[in-house]
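Working notes, beginning with the structure itself.
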Amino acid sequence: MATKKKPAFVSAPASRANSLMPWLGIAFIVILLDQLTKITITTLFMHGEEKTITSFFNLVLAYNEGAAFNFLSNQGGWQRYLFTAIAIGAVGFILYLLRRAAGQRLFCWALALIMGGALGNAIDRLAYGHVIDFLDFHWEGFGHFPAFNIADSAITIGAILFIFDELRRVNKQ
């Protein structure tokens, strides 16, 4: 007795969705940690307040209306929508890349971290009109590095993993 096979395309959407789940989970964890730390710092600190933790690290509540290193921070507010739109566009492109390369673990880790960080900062921009930063590193003789947050850290780590993955891929060829 012959059995009828299900067409391959019937199970494809479920497998694609399942292959995205670990990466969406990583992005969600980044967003959760980012937002929880920002809520905590805004509850405990006043804007501009600083607490020395070590000789090279402070906690400080800072607002960034611009992009990295306060780029375009004093432009009257339009940048809020521009950077939010860029984040949403980047997330759309990242989802496309994750679907295409779900089996490339290091590449997908990088993309998931970048996506989580982009969404964490986009949430701030939409909710408050600025990004909440609180990690302040400084070195004597060099000064203070611009304050940053968990989302920024995830984006940076994701970018480093992305570069490492690309270098590794190039060296294999």
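I'd like the carbon and sulfur percentage of the solvent accessible area for the stretch 28-173, probe radius 1.4 Å, heavy atoms only, ligands and nucleic acids excluded.
Values: 5880 of 8650 Å².
That share works out to 68 percent.
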Two pseudo-spin positions, 7 Å from Cα along C-beta at Tyr96 and at Ile29, lie apart in nanometres by 2.8 nm
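Where in the stretch 73-166 are there chymotrypsin sites (Phe, Trp or Tyr not before Pro) that are in a DSSP coil and have at most 16 other Cβ atoms within 10 angstrom of their Cβ?
Sparse-neighbourhood loop chymotrypsin sites (Phe, Trp or Tyr not before Pro): Phe142.
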Here the residues of the stretch 88-102 lying in the modelled label zone of Ser19, meaning backbone nitrogen under 14 Å from a point 7 Å along Cα-to-Cβ, are 95-102
So for R0 = 30 Å, FRET eff. of Leu126-Ile53 from the Cβ-Cβ r, to 0.05, ends up at 0.50
By the C-alpha gyration tensor axes a ≥ b ≥ c (rounded if a/c is under 1.5, else prolate when a/b exceeds b/c, else oblate), the shape of the stretch 108-165 is oblate
Charge dipole of the stretch 37-173 built from unit charges on the beta carbon (Lys, Arg +1; Asp, Glu -1), centred at mean Cα; most positive-end Cα among Asn171, Gly158, Ala62 is Asn171
Residue-ordered couplings for the stretch 51-61, obtained by feeding phi - 60° into the Karplus form 6.51 cos²θ - 1.76 cosθ + 1.60 and rounding to whole Hz (Gly and Pro as x), are 10, 6, 9, 9, 5, 10, 9, 10, 9, 8, 8
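The values are calculated or read from the model by the stated rules, or taken from the named source; none is laboratory data. Note that the coordinates shown come from a computational prediction; the quantities given were computed from them, not determined experimentally. Here Cβ is always computed from backbone atoms with ideal geometry, including for glycine, and neighbour counts include all displayed protein chains. Side chains are part of the model used for accessible areas, which takes the heavy atoms of the whole protein and leaves out ligands, DNA and RNA. Shrake-Rupley method; radii C 1.70, N 1.55, O 1.52, S 1.80 Å.
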